[in-house]
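What follows is one structure encoded as structure tokens, with my remarks underneath.
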Amino acid sequence: MAGARGCSRQTGETNVKKSGTILIGAAMLCMIALYVPAVSAADSGQSWNNNPEHITAMKAYVAYVSEDYQAMMNGAISYIGTISGSAGTGDLTGAEQQFTATAGSVQSMTTNDSIDAALTQMKGEVSTFHTDTANDLKAYNGSESALRASVNASITADQATIESLDTAWWTARETSRLDEFTHNDAIRNGALTNLSAKGIDVSQPQGIETQIGGLQGSLKSALDARDEKALAGVNTQLGTLGTQFWEAIAGDAWQARETTRLAEFDNRTTILQNQLTNMTARGIDVTQAQAILSQITAERDPLKAAFDNHDQQALKTVDTQLTALYQQFRTTVQGYRQAAVSRARENAGNMTRNASFRQGAFRGAATPAMTGGNTS
């Protein structure tokens, strides 16, 4: 995959994508466009960025691409040195040294973000080199075809090293990608197990997971063959199926939430109604609380609709309304209870006063005189 290909080089996907040509005036310096690597498996929604295998693959990519670029740069510097008597190579040599220093620093990095930042810097350094080469080519009346020939000759001379680093990158890339696939597969199956344990029918996402699992062989074959087109096709399928899977899981999760929430709602309204029924049986007028409970019960349909439509905002609105109604109900019922206690105390006081009155009246009455009988 590496080495002199004229201007038709194309390498990458999964961890990295890179392709294209850079125009210098009317000629083409065949230097691949540098792109920041991206996580490939969009089928899980889970980050693999800082997994050690992904970091290893990124480092392998940087080692490969920097060697490739350096060979191209050396070819350009050699040609500009020839036509300028070495007078025009200072800026190019400086740009190349900065590029290789940045690439070299990547090997000690341990995070995706730091490597991304280095790749972005390398991209800027390549742009500077291109600009300087174009200026020097014009300033020293160079030949575009001769420049291209010098670049290709330099790549050919370094072909063995470039090929070796390309192989190392593909090897690291395959290891990372297949392990990432396994990791994502475990996450998906964990989600299915979790919902199944709640009694949810997961047949739809399970069917999608089966399709995803069936692509593992195709993924490995594409990586083994270093077939970019086939790899891109498999990753596209995985991305599409992954999106479908998590949408189905989200739908099932909403269903699980709806089932639990509506059961809780019905149980709570039953308890509240029982409270009012008991109070009514004790002769308490619960008209106001009953009206509030009717408002609460009326929120069941909007609550169900929010779950059916997977509408988090609508659910939040219903929850806010229910919270307010539940508070009103509690306040009203507490008022009934306090009133009942007050009446009970008042009745108890009246009974005490009546008893005291009766006892006082009895004790104050004259003792009847004893008459009749023998008093001697």
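Sequentially through region 331-340, phi angles give Karplus couplings (6.51, -1.76, 1.60; θ = phi - 60°) of 4, 5, 5, 4, x, 4, 5, 5, 5, 5 Hz, Gly and Pro residues having no value and appearing as x. Each residue of region 173-188 is assigned a 3J(HN,Hα), and the resulting list reads 5, 5, 4, 5, 5, 5, 5, 5, 4, 4, 4, 5, 4, 5, 5, 4 Hz, derived from the Karplus form 6.51 cos²θ - 1.76 cosθ + 1.60 (θ = phi - 60°), x at Gly and Pro.
Please compute the net charge surrounding PHE129, taking Lys and Arg as +1 and Asp and Glu as -1 over other residues with Cβ under 12 Å from its Cβ. Within the 12 Å Cβ shell, the charges total -4.
In order along region 93-110, phi translates into HN-Hα couplings of 5, x, 5, 5, 5, 5, 4, 5, 5, 5, 4, x, 5, 5, 5, 9, 7, 10 Hz, rounded to whole numbers, per the Karplus curve 6.51 cos²θ - 1.76 cosθ + 1.60 with θ = phi - 60° and x for Gly and Pro. Summarising the overall dimensions of region 282-356 from its C-alpha atoms, the Rg and Dmax are 19.7, 69 angstrom.
Neighbour counting of Cβ atoms within 10 Å sorts the residues MET72, MET279, fewest neighbours leading, into MET279, MET72.
For region 118-185, applying the loop criterion from DSSP together with a ceiling of 11 other beta carbons within 10 Å to the trypsin sites (Lys or Arg not before Pro) yields no site. Selection among THR297, THR331, GLN321 by position relative to the dipole of region 282-356 gives THR331 as farthest towards the positive end (Cβ unit charges, Cα centre). Using only Cα coordinates, the Kirkwood hydrodynamic radius of region 137-242 works out to 17.4 Å.
Quick note: the coordinates plus some simple rules give every number you see, no bench work behind them. Predicted, not measured: the structure shown is a model, and the values here were computed from it. Neighbour counts are summed over all protein chains in view; Cβ atoms, including those assigned to glycine, are modelled from backbone coordinates with ideal geometry.
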